[in-house]
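The values are calculated or read from the model by the stated rules, or taken from the named source; none is laboratory data. On a predicted model such as this, the values are computed, not experimentally measured, just so you know. So basically every Cβ, Gly included, is an ideal-geometry build from the backbone, and we count neighbours across all protein chains shown.
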Amino acid sequence: MKPFNSHKRTGRGASAAEFAASLVVLVMFFVIPFLDLGVIPVRWGLANHLVTSFSVNLARAETLSRAFQQLNEDPNIANMMMKIGGVTPKKLKLSLLITKSSSPDKKLVVTEPKKIPAKWLPDSPEGPFQYELELAANCEISPLILINLGGQKITGLNAPFTINLISSSHWENLGRNPNTNEYYMNE
């Protein structure tokens, strides 16, 4: 009978199990989070560009009510954000910011068309004013690869995070409607 320790383990093949475990740790805790960290800023940048370009287009509308109507009826901005992949718009909000040029701390925010008081219009003696159309988008950005960690949600790793994108553009149409004599921005 041979002694118990005569069949010693050899060094060959012993680290194969350790190598597989180390690869799993490397992929799960380093590669996937770095991929997520690389993709999230790209998605944010693309979504920010879309919000900026749509705010410029809405500021070129003939009337303020037409700009609000375009945002409410045209699903194009939401569809384009979803086509980026991983970007889901939750809420889009449009407003007209009126700022007194001589004192920038005096502002009026208009969230509905036809609600601008007469003292904030271009011909007011209290002017001059700056008019900017602001588009705010509340979006969720998802990571590239979602890892299931049980019940825990870690934002940016296995759960999307919420961002607010805001872009403003100069309101270009300061003229009056010849038929109604109202400013286009107040129609």
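Key figures
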| quantity | calculated |
| --- | --- |
| Total residues in the range 87-98, condition surrounded by 18 or more Cβ atoms within 10 Å (Cβ to Cβ) and touching a Lys or Arg at 6+ places or on another chain (Cβ under 8 Å) | 2 |
| Residues satisfying the stated conditions in the range 84-108, i.e. among the hydrophobic types (A, V, I, L, M, F, W, C) and without any contact (Cβ under 8 Å) to a residue 60 or more places away in the chain | 84, 87, 92, 94, 98, 108 |
| Scan of the range 162-187 for residues that are more than 17 Å from residue 120 (Cα to Cα) and touching a helix residue (DSSP H, G or I) at 6+ places or on another chain (Cβ under 8 Å), ordered by number | 163, 165, 166, 167, 168, 169, 177 |
| Identity of the residue in the range 112-156, among the polar types (S, T, N, Q) and touching a helix residue (DSSP H, G or I) at 6+ places or on another chain (Cβ under 9 Å), that ends up farthest from residue 51 (Cα to Cα) | 124 |
| Breaking point among (1) touching a residue at least 12 places away in the same chain (Cβ under 8 Å); (2) of a type in the set (S, T, N, Q); (3) surrounded by 13 or more Cβ atoms within 10 Å (Cβ to Cβ), for residue 111 | (3) |
| Tally, over the range 159-185, of residues that are crowded, with 16+ Cβ neighbours inside 10 Å, within 28 Å of residue 89 (Cα to Cα) and among the polar types (S, T, N, Q) | 3 |
| Test: residue in the range 134-141 that is closer than 30 Å to residue 175 by Cα, modelled with pLDDT of 85 or more, surrounded by 15 or more Cβ atoms within 10 Å (Cβ to Cβ) and among the acidic types (Asp, Glu) | yes |
| Only listed residue being of a type in the set (Gly, Ala, Ser) and under 30 Å from residue 158 (Cβ atoms), chosen from 47, 118, 67 | 47 |
| Number of the exception - residue 44 against (1) touching a helix residue (DSSP H, G or I) at 6+ places or on another chain (Cβ under 8 Å); (2) assigned to a helix (DSSP H, G or I); (3) of a type in the set (A, V, I, L, M, F, W, C) | (1) |
| Residue that is nearest to residue 56 (Cα to Cα), among those in the range 131-167 that are outside any strand (DSSP E or B), polar (S, T, N, Q) and touching a residue at least 12 places away in the same chain (Cβ under 8 Å) | 142 |
| Complete set of residues in the range 115-130 that are exposed (fewer than 13 other Cβ atoms within 10 Å of the Cβ) and assigned to a loop (DSSP other than H, G, I, E, B) | 115, 117, 123, 125, 126, 128 |
| Test result for residue 142, closer than 30 Å to residue 41 by Cβ, polar (S, T, N, Q) and in contact with an Asp or Glu (Cβ under 7 Å, 6 or more places away or on another chain) | no |
| Flag for residue 148 being closer than 30 Å to residue 42 by Cα and modelled with pLDDT under 90 | yes |
| Some residue of the range 60-83 being touching a residue at least 60 places away in the same chain (Cβ under 8 Å), assigned to a helix (DSSP H, G or I) and of a type in the set (Asp, Glu) | no |
